1. I need the full set of residues from the range A:424-437 which are at negative phi and surrounded by fewer than 17 Cβ atoms within 10 Å (Cβ to Cβ), in order please.
2. Which residue is modelled with the lowest pLDDT, if the candidates are limited to the range B:159-178 and must be more than 14 Å from every other protein chain (Cβ to nearest Cβ), in a loop (DSSP other than H, G, I, E, B) and surrounded by fewer than 17 Cβ atoms within 10 Å (Cβ to Cβ)?
3. Would you point out which residue out of B:70, B:100 is surrounded by fewer than 22 Cβ atoms within 10 Å (Cβ to Cβ), touching a residue at least 12 places away in the same chain (Cβ under 8 Å) and not assigned by TED's automatic domain parsing to the domain that holds residue B:209?
4. How many residues, within the range B:25-43, are crowded, with 20+ Cβ neighbours inside 10 Å and more than 8 Å from every other protein chain (Cβ to nearest Cβ)?
5. Report, by residue number, each residue of the range B:62-83 that is more than 7 Å from every other protein chain (Cβ to nearest Cβ), closer than 23 Å to residue B:120 by Cβ and in contact with a strand residue (DSSP E or B) (Cβ under 7 Å, 6 or more places away or on another chain).
6. Given the criterion in the same structural domain as residue B:103 (by TED's automatic domain parsing) and touching a helix residue (DSSP H, G or I) at 6+ places or on another chain (Cβ under 7 Å), identify the matching residue among B:196, B:183.
7. Within the range B:149-158, restricting attention to residues that are crowded, with 18+ Cβ neighbours inside 10 Å and in contact with a strand residue (DSSP E or B) (Cβ under 9 Å, 6 or more places away or on another chain), which residue is nearest to residue A:13 (Cα to Cα)?
8. Would you pick out the residues in the range B:103-116 that are away from every other protein chain (no Cβ under 14 Å) and either buried (at least 19 other Cβ atoms within 10 Å of the Cβ) or within 15 Å of residue B:211 (Cβ to Cβ) (or both)?
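The values are calculated or read from the model by the stated rules, or taken from the named source; none is laboratory data. In this text the structure is predicted, and so the values were computed from the model without any measurement. Here the Cβ positions follow ideal geometry from the backbone for every residue, glycine too, while neighbour counts run over all protein chains shown.
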C-alpha cells in the first residue's frame, strides 16, 4: 500500500476499496437493520412464545430482554461511532479482543446470519403455503419449494444490484407489513368479544426469566447496519442511530403486541398458522384478517432474507480481504460494487436446507424453529463478544469511561446465562450437540489457520480507515 | 438505549458549542495525531464530554480519526470553515501568459480547496464561469471532472445543465475512468450549450496529488476535435507549473 508522505500509517487507498464507499443515506442504513430484525413477523410470534413460558408476566420478560438489548446497543455504539467496517461486529471485536475474539465472533456471525437467511426462506415458504392452503385445500409442497427458489433468486439479484436498491425495497416491504400487522392486531383486539379463552396463568420469577430467551431471540439482527459502515454516507452518525432506533422500535412494537395479546388472548392464536382453519376466532372476525396477516409476515420474511444476506456477504467479503477466507469471496461486482461472488456462492448453499427439508416433508415449523434456535446462539455469542470487547478497545485507545465498564459487567454475564438457557432448555440434545460440533470445527479451523495463515489472523479487523483524501489539505503534508 | 450524541447538544447549550469549537481549534493547533486524552487535559473539559464531542465532530466529518483509532486530525470538511487564500506566484502567471500567447482559446488556471474550485489565474479576455456554480456542478466541467476523478468517490446523479450534460452516474463514472487513464478531462456543451473545455491536472512533484487544473475553453465543436497538439502544449505547461504551485 502506498502511504502518504509525512503521515505514517495513512494509506492512499482504503483496505476495503471495491465497495461503493460513503453513498448510502440514513434511511437505507436503517432499513438494513429493521429488515434483518423483521419485527413484523416477530410481532405475531413473540407474544405466543413468551406467554407460553412467562404467562401473565410476559411483558416483564419482553422488558428485561429490551433492557439487555439496550446494553448491547450501547456496546456496539462504542465501536460504530469510531470505526466503519464491512465485517460488522467481528471487525469491532478484533479491535478489543484481538484475533482470537475476532475469529470466534466471525464464526458466530457467519453461523447466525447464514442460518437466519435459511430460516427466513423457510418462514416465507411456510406462510406462503398456509396462505395457499387457506384459499385452495391442495398439497402445497411444490409451492413451498417454488417460493424458496424464486425468493433466493430475487434476493441474490437484489443483493448484487446493491444496498441502495435493496434498502428501498426492504424499507417499503417492512413498513407495509408492520402497519398491516399492527392494524389487524389492534382492530381485532378492539372488536373481539371477551371470549371463553382461559385466563393466562400467573407465573413466578422463574417463568419471567424463561420468557427472556424467546423475547431476546426476536431482536436478533438489529446490529446488521454495522456491516454497512463502508457504504453509509456518514457512518459514524447513521450506523449507531440505525442500530439504536431498530432495537428501540422493535422493543416498542413487541410490548404493544404483547399487551394486545394479554388483553385479547383469542386473537393471535386464531390468526397464525398454528390454527390454519382460523380457529374459533376467525368465525367472529372474518376471513380477511388471517390472509392479510399472512401476506404481511411473508413480506417481512422476504425482506429479512435479503437483509441478512447483505450482512453475511459483507462479513465474508471482509474475511476474504483479510486473507482469512478464500480471496475469491472478496471480489466485488465491477459495476455495482457489491460482493457478488460471495452472493453467488452463499445463496445456493443456504437455499439447499429449506428445499431439502420441504421435499423430505419436515414440518416447516420444526425446520424454522431449529434453524432459528441455532442462529440465535450464534447471534448471542457475537453480542457477548462485542460487549466484552468494548471496554478493552476503549482502554487501548485511551478513551475508557466508567459507564462502558458497567455496561460490560452487566451485559456479559446476563448474555452468558441466556446462551446457557438457550442450549439446555428442553428441546432435545440436537441443539447442544450441533453447537458443540460447530465449536469443535471452529477450533480445528483456528488451529489450522494458525499454522498456515498466522499473519492473516493477526491482521483481522480490517476497516475503512481514514485515507489521505479524507484529511484537510493543510494536514496532508504534501502541501 | 444509547444516547444519541447529535441530540444531546442543542442551541440551548452554549457551553457544548463552545467546547466543540475549542476542540476543533485544539486539534488544528496540535497537528496530526492529538489524542482524546491530550485534548481533554489541555482544554480541561471532562473526558466523557470530550469523547462525546470528538465523536460528534468525527461523525460530521470536521475531524477524522487516524488509522490507529487514537489520534485525530482535521477532516476535509474543516476546509469549508476558512478557505485558505490562494496566492498565485508571478512565475506561474508568466507561464499562463505565454500559454495565452500561443493559443487562441481562453486559458484558465484553477486551484482546488476541498471540493471547491477557485480560479488562480482566470483569462481576462475570456472570463470563465462563476467558480461557485462550477463547484456546485463538478460533473459538468472539465476542471470539476479532474477533481472527481482524483477522489474516486461515489457519484450522486448530477444536474442537467444543458441537453448534453452527462447525468447518469454510470456514464459519468466511465468518463472519469477515461480522465484517469488519459490525464485529460473534456466536455463539449455540457456546462454551457455553445462552449466546451478541456483540462489537465497540475500535480505535486512529490506524491503526485492534484494541486490545480489547467483548462482551455472554446467553442463546443472545436473542443470535440482530438486537439492533440493543444493537449501536448497544456501538459507541457502543467509540468512547468507544478513546482511553482505545489
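1. If we filter the range A:424-437 for residues that are at negative phi, which is where we start, we get A:424-427, A:429-437.
Scanning the range A:424-437 gives A:424, A:425, A:426, A:427, A:429, A:430, A:432, A:433, A:434, A:436, A:437.
2. Selected residue: B:159.
3. Working: B:100 fails: not assigned by TED's automatic domain parsing to the domain that holds residue B:209.
Among B:70, B:100, only B:70 is surrounded by fewer than 22 Cβ atoms within 10 Å (Cβ to Cβ), touching a residue at least 12 places away in the same chain (Cβ under 8 Å) and not assigned by TED's automatic domain parsing to the domain that holds residue B:209.
4. Initially, the range B:25-43 is screened for residues crowded, with 20+ Cβ neighbours inside 10 Å, giving B:27, B:32, B:34, B:36, B:39-40.
Those left that are additionally more than 8 Å from every other protein chain (Cβ to nearest Cβ): B:27, B:34, B:39-40.
Number of matching residues: 4.
5. Filtering the range B:62-83 for residues more than 7 Å from every other protein chain (Cβ to nearest Cβ) gives B:62-63, B:71-72, B:77, B:80-83.
Checking the rest, the ones that are also closer than 23 Å to residue B:120 by Cβ come to B:77, B:80-83.
Result: B:83, single match.
6. On the way: B:183 fails: touching a helix residue (DSSP H, G or I) at 6+ places or on another chain (Cβ under 7 Å).
Exactly one of B:196, B:183 is in the same structural domain as residue B:103 (by TED's automatic domain parsing) and touching a helix residue (DSSP H, G or I) at 6+ places or on another chain (Cβ under 7 Å), namely B:196.
7. B:150
8. Step one: of the range B:103-116, the residues away from every other protein chain (no Cβ under 14 Å) are B:103-110.
Of everything in the range B:103-116, those that are away from every other protein chain (no Cβ under 14 Å) and either buried (at least 19 other Cβ atoms within 10 Å of the Cβ) or within 15 Å of residue B:211 (Cβ to Cβ) (or both) turn out to be B:105, B:106, B:107, B:108, B:109, B:110.
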